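Novice: Dumping the structure here so I can ask a few things about it.
The values are calculated or read from the model by the stated rules, or taken from the named source; none is laboratory data. Nothing here was measured: the structure is a model prediction, and the numbers come from that model. Here Cβ is always computed from backbone atoms with ideal geometry, including for glycine, and neighbour counts include all displayed protein chains. Accessible surface areas use protein heavy atoms only, side chains included; no ligands, DNA or RNA. Shrake-Rupley method; radii C 1.70, N 1.55, O 1.52, S 1.80 Å.
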Amino acid sequence: LLSFAMIAMFWMTHHRVFSSVETVTTPLLWIMMAWLLTIVWLPVATAMSGQMDSDDPFVKIVYIGSMLAIALMMLWQRLYLRAHPRLHHITEAHLISGLSADVAMVVLFGVALAVALFIPAVGYWSLLIMFLVSPVQRVVARRVAREGGSASEQP
């Protein structure tokens, strides 16, 4: 159920982003295919976590690493869209908000992966750090807004 919930969340985010995309280029299509590959891989990682030794660090790395890969692909898609504004009608504010969420997820999945790897007793419980996505997103968004504001003030 956790993997289904994660796939549903990733899919809904993808749908919200791409509902504002008017044109898909070949590079963007390939980025979406890379994202789709990470999505279809997650049930394999889930099956591994249910079938293999629960103390095996490799299985935890594969499972948490799979979610990190999905988040990285979402970040790549949004970065591509930000670099190609003619493809969509997403406002800069929404792009920044989405990018902040993507960065927060990448960072937190990375931390969860590191904790699971270096403190094996914590294991999958390290994923509870994902409850911090919203606060981390706000910090990232403030930093981006501050950097954007200081860049626009320079001559």
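Novice: Open to solvent by less than 60 Å² (accessible area, probe 1.4 Å) and over 21 Å from Ile96 (Cβ atoms): which single residue out of Ile31, Ile39 fits that description?
Specialist: Values: Ile31 fails: over 21 Å from Ile96 (Cβ atoms).
Unique residue meeting the criteria: Ile39.
Novice: In addition: Identify the single condition in (1) outside any helix (DSSP H, G or I); (2) under 23 Å from Val133 (Cβ atoms) that Val111 does not satisfy, given that it satisfies every other one.
Specialist: So Val111 meets the others, but not (1).
Novice: Pairs under 6 Å by beta carbon, first residue of a type in the set (Ser, Thr, Tyr) in the stretch 98-117, partner part of a helix (DSSP H, G or I), six or more apart or different chains?
Specialist: As it stands, the answer is Ser100/Gln137; Ser100/Val140; Ser100/Ala141, since those pairs meet every condition given.
Every residue, every condition in (1) assigned to a helix (DSSP H, G or I); (2) of a type outside the set (Lys, Arg); (3) more than 25 Å from Thr91 (Cβ to Cβ), yes or no:
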residue	(1), (2), (3)
Trp11	yes, yes, no
Arg16	yes, no, no
Ile31	yes, yes, no
Leu36	yes, yes, yes
Ser49	yes, yes, yes
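Novice: Moving to a separate point now. Hey, could you check the stretch 10-22 for residues that are open to solvent by 70 Å² or more (accessible area, probe 1.4 Å) and in contact with a helix residue (DSSP H, G or I) (Cβ under 8 Å, 6 or more places away or on another chain) and say which is farthest from Ile64 (Cα to Cα)? So that I can check it myself, show each step before the final result.
Specialist: Filtering the stretch 10-22 down to residues open to solvent by 70 Å² or more (accessible area, probe 1.4 Å) leaves 11-12, 15-16, 19, 22.
Those still in the list that are in contact with a helix residue (DSSP H, G or I) (Cβ under 8 Å, 6 or more places away or on another chain) too: 11, 22.
On the way: Trp11: 18, Glu22: 33 Å.
Within the stretch 10-22, the match that is farthest from Ile64 (Cα to Cα) is Glu22.
Novice: Give me a count of the residues in the stretch 21-60 that are under 16 Å from the mean Cα position of the chain (by Cα) and within 18 Å of Ser3 (Cα to Cα). Working first, answer last.
Specialist: Filtering the stretch 21-60 for residues under 16 Å from the mean Cα position of the chain (by Cα) gives 31-42.
Next cut, within 18 Å of Ser3 (Cα to Cα) only: 35-42.
The qualifying residues number 8.
Novice: Search the stretch 51-75 for residues being exposed (fewer than 15 other Cβ atoms within 10 Å of the Cβ) and part of a helix (DSSP H, G or I), and hand back the single one that is modelled with the highest pLDDT. Walk me through it before giving the result.
Specialist: Keep residues of the stretch 51-75 that are exposed (fewer than 15 other Cβ atoms within 10 Å of the Cβ), which gives 51-58.
Among the residues that remain, those that are also part of a helix (DSSP H, G or I) are: 51, 57-58.
On the way: Gln51: 77, Pro57: 81, Phe58: 85.
This residue is Phe58.
Novice: Additional query: Of the residues that sit in the stretch 102-142 and are open to solvent by 50 Å² or more (accessible area, probe 1.4 Å) and among the small types (Gly, Ala, Ser), which one is nearest to the chain's Cα centre (by Cα)?
Specialist: Ser134
Novice: With basic (Lys, Arg), open to solvent by less than 60 Å² (accessible area, probe 1.4 Å) and closer than 27 Å to Leu28 by Cα as the only criterion, which of Arg78, Arg82, Arg86 stands out? Don't jump to the end; show me each part of the working.
Specialist: Working: Arg82 fails: open to solvent by less than 60 Å² (accessible area, probe 1.4 Å); Arg86 fails: open to solvent by less than 60 Å² (accessible area, probe 1.4 Å).
Being basic (Lys, Arg), open to solvent by less than 60 Å² (accessible area, probe 1.4 Å) and closer than 27 Å to Leu28 by Cα holds for just one of Arg78, Arg82, Arg86, which is Arg78.
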